Amino acid sequence: MSAADSITIARPDDWHVHLRDGAMLRDVLPWTARQFARAIVMPNLSPPVTDMASAAAYRERIIAAIPPGIDFTPLMTCYLTDDTDPDDLARGAAEGVFTAAKLYPANATTNSARGVSDMRRIYPLLGRMEAEGIVLCVHGEVTDAQVDVFDREAEFIECHLRPITHNFPRLKVVFEHITTQEAVNFVLESGGNLAATITPQHLHLNRNAMLVGGIRPHAYCLPVAKREAHRLALRKAATSGDPRFFLGTDSAPHLRAAKESACGCAGIFNAPFAIESYCTVFDEERALDRLEGFASLHGPAFYGLPVNRATITLERREVEVPAMLSAAGEGIVPFHAGETLGWRLVS
Ligand code: DOR
Ligand code: ZN
């Protein structure tokens with residue numbers, strides 16, 4: 001096998017994932033842990049993980065669900081509300097319970113009703129986070145009813161993110177699951193304290209893929225996929241080698257019935273073949289030599305964590321993604337369902 005047909009990289013991390021809870025957690029976690037050494041775990045449970053005690057308890061439930069013999073470390077986040085206790089957050093970070101805090105604008109997405117209703121209200125908290133060196137992960141979409149869903153990320157930059165980064169220049173901010181050229185540009189023109197994660201689906205899908213020839217609920221997530229020019233901008237950013245862009249799958253499992261519904265849930269369950277999906281993109285972009293930076297190096301550097309010592313190997317061998325998997329005793333449809341990917345994780 002030639003070098004171009006096999007790639008070995010430091011074991012990657014997932015800097016944004018939804019692991020859920022209970023039976024769903026038990027069935028989705030092995031997919032993530034098979035590939036990733038660590039993951040930033042989203043706190044949008046119902047009820048959300050809003051304090052140190054509930055994060056520590058959730059972390060224990062995740063650890064209990066790790067398959068035997070697999071090395072996986074969940075990195076917990078605090079769901080910010082209008083009333084987050086700054087002392088609890090700071091203590092949770094100091095004691096290693098929290099790796100970051102998550103900002104959901106209220107009602108932006110799944111289980112975000114208790115999110116932040118007015119960004120200015122949490123400015124004192126952001127000041128504390130800046131002083132304590134706590135990373136802020138941001139769901140960057142405005143929620144105003146009059147703003148078109150395809151414009152919500154770009155609006156968020158001007159209305160909220162630019163003011164936040166201006167007022168708190170030393171605050172470390174991750175602009176999560178970016179979907180637009182505007183977001184790429186904003187990261188590029190900022191200093192090293194702003195980074196962005198990019199999902200596999202936003203590298204593969206544009207909005208036509210979701211809406212042309214029939215509505216495809218399994219291609220629907222938030223932020224929603226945008227037009228082709230944006231997808232191309234994301235592919236360029238992800239494969240550029242710029243350390244401000246790194247891997248975050250935003251794998252967000254919902255049962256098939258909840259997706260294939262008159263009001264289907266937002267979220268794409270991409271955990272099963274995530275690294276294969278990213279590898280395919282990097283291969284198509286002739287950038288396989290940059291996969292390790294994006295998947296395994298840039299994230300730890302931003303978070304100030306060590307690079308994983310273990311490695312993974314992918315080979316240019318076809319892998320068929322099942323049309324359906326099961327979780328919590330029901331059907332769940334993975335990203336790339338029924339497709340064949342050209343790269344396989346072999347160890
Ligand atoms: O599509 C999404 N699904 N976007 C989010 O922000 C939340 C997530 C979920 O939790 O289902
Ligand atoms: Zn998410």
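The values are calculated or read from the model by the stated rules, or taken from the named source; none is laboratory data. All values derive from a computational prediction rather than experimental measurement. Glycine gets a Cβ as well: all are built from the backbone with ideal geometry, and neighbour counts include every protein chain shown. In case anyone asks, the SASA skips ligands and DNA or RNA and just uses the protein heavy atoms, side chains included. Shrake-Rupley method; radii C 1.70, N 1.55, O 1.52, S 1.80 Å.
Only helical runs count toward this figure. For the chain, summing -39,500 (n - 2.57) over DSSP H runs of n ≥ 4 and dividing by all residues gives -8500 deg cm²/dmol at 222 nm.
When the label point is put 7 Å from the Cα of GLU285 along its Cα-to-beta-carbon vector, which residues of segment 177-208 have a backbone N closer than 15 Å? Hits in segment 177-208 for GLU285 at 15 Å: 177-185, 187-188, 196-206. Accessible surface of segment 179-220, 1.4 Å probe: 54 percent of it comes from carbon and sulfur atoms. Test of understanding: in a Gaussian network model of the chain with alpha carbons linked when under 10 Å, which of ALA225, ALA145, ALA37 would top the mean-square fluctuation ranking? Of ALA225, ALA145, ALA37, the most mobile in the Gaussian network model is ALA145. With θ taken as phi - 60° and the Karplus curve 6.51 cos²θ - 1.76 cosθ + 1.60 applied, the whole-hertz 3J(HN,Hα) list for segment 206-219 is 10, 6, 4, 4, 8, 10, 8, x, x, 8, 10, x, 7, 9 Hz, x standing for glycine and proline.
Annotation note: trypsin sites (Lys or Arg not before Pro) in segment 236-299 located in DSSP loop regions with a Cβ neighbour count of at most 16 within 10 Å are ARG286. The DSSP beta bridges internal to the chain are antiparallel in roughly 30% of cases.
I want the local charge near PRO86. Using Cβ-Cβ distances under 10 Å, sum +1 for each Lys or Arg and -1 for each Asp or Glu among the other residues.
Once all neighbours under 10 Å are counted, the net charge is -2.
Which one of ALA145, THR165, GLY133 has its Cα pushed farthest toward the positive end of the charge dipole of segment 132-207, where Lys and Arg give +1 and Asp and Glu give -1 at the Cβ? The residue sitting most towards the positive pole is GLY133. Placing CYS265, CYS221 in order of accessible area, with the largest value first and a 1.4 Å probe, yields CYS265, CYS221. What is the helix-to-structure angle for 274-284, meaning the angle in degrees between its Cα long axis and the longest Cα principal axis of the chain, kept from 0 to 90 and rounded to the nearest 10? Helix 274-284 and the main axis of the chain meet at about 70 degrees.
Between 0 and 90 degrees, the angle of helix 123-132 with respect to the longest Cα principal axis of the chain falls at about 70 degrees. For segment 163-197 versus segment 79-112, the spacing of their alpha-carbon centroids is 19 Å. In order along segment 238-248, the Karplus-derived 3J(HN,Hα) couplings, from 6.51 cos²θ - 1.76 cosθ + 1.60 at θ = phi - 60°, round to 4, 9, 6, x, 5, x, 7, 10, 8, 6, x Hz, and Gly and Pro are given as x. Along segment 107-114 the Karplus relation, 6.51 cos²θ - 1.76 cosθ + 1.60 evaluated at θ = phi - 60°, assigns HN-Hα couplings of 6, 6, 6, 3, 6, 10, 4, 8 Hz to successive residues, with x for each Gly and Pro. Counting alpha carbon pairs within less than 8 Å and at least 6 residues apart, what relative contact order, in whole percent, applies to segment 1-128? It rounds to 22 percent for segment 1-128.
Using a 1.4 Å probe, what is the accessible area per residue for segment 110-236, in Å²?
Numbers: 5370 Å² over 127 residues.
For segment 110-236, the per-residue accessible area is 42 Å².
Every Cα-Cα pair of segment 131-279 was included, and the share exceeding 27 Å stands at 21 percent.
Working note: Debye formula, equal point scatterers on the alpha-carbon atoms of segment 36-189, no solvent; log10 I(q)/I(0) at q = 0.09, 0.12 Å⁻¹ is -0.29, -0.52. Per-residue extension of 0.36 nm, minus the Cα-Cα distance of ALA23 and LEU232, leaves a gain of 71.5 nm for this segment. Neighbours of ARG256 by Cβ distance under 14 Å: Lys/Arg scored +1, Asp/Glu scored -1, total -1. Once C-alpha pairs closer than 8 Å and six or more residues apart are averaged by separation and normalised to the residue number of the chain, the relative contact order reads 18 percent.
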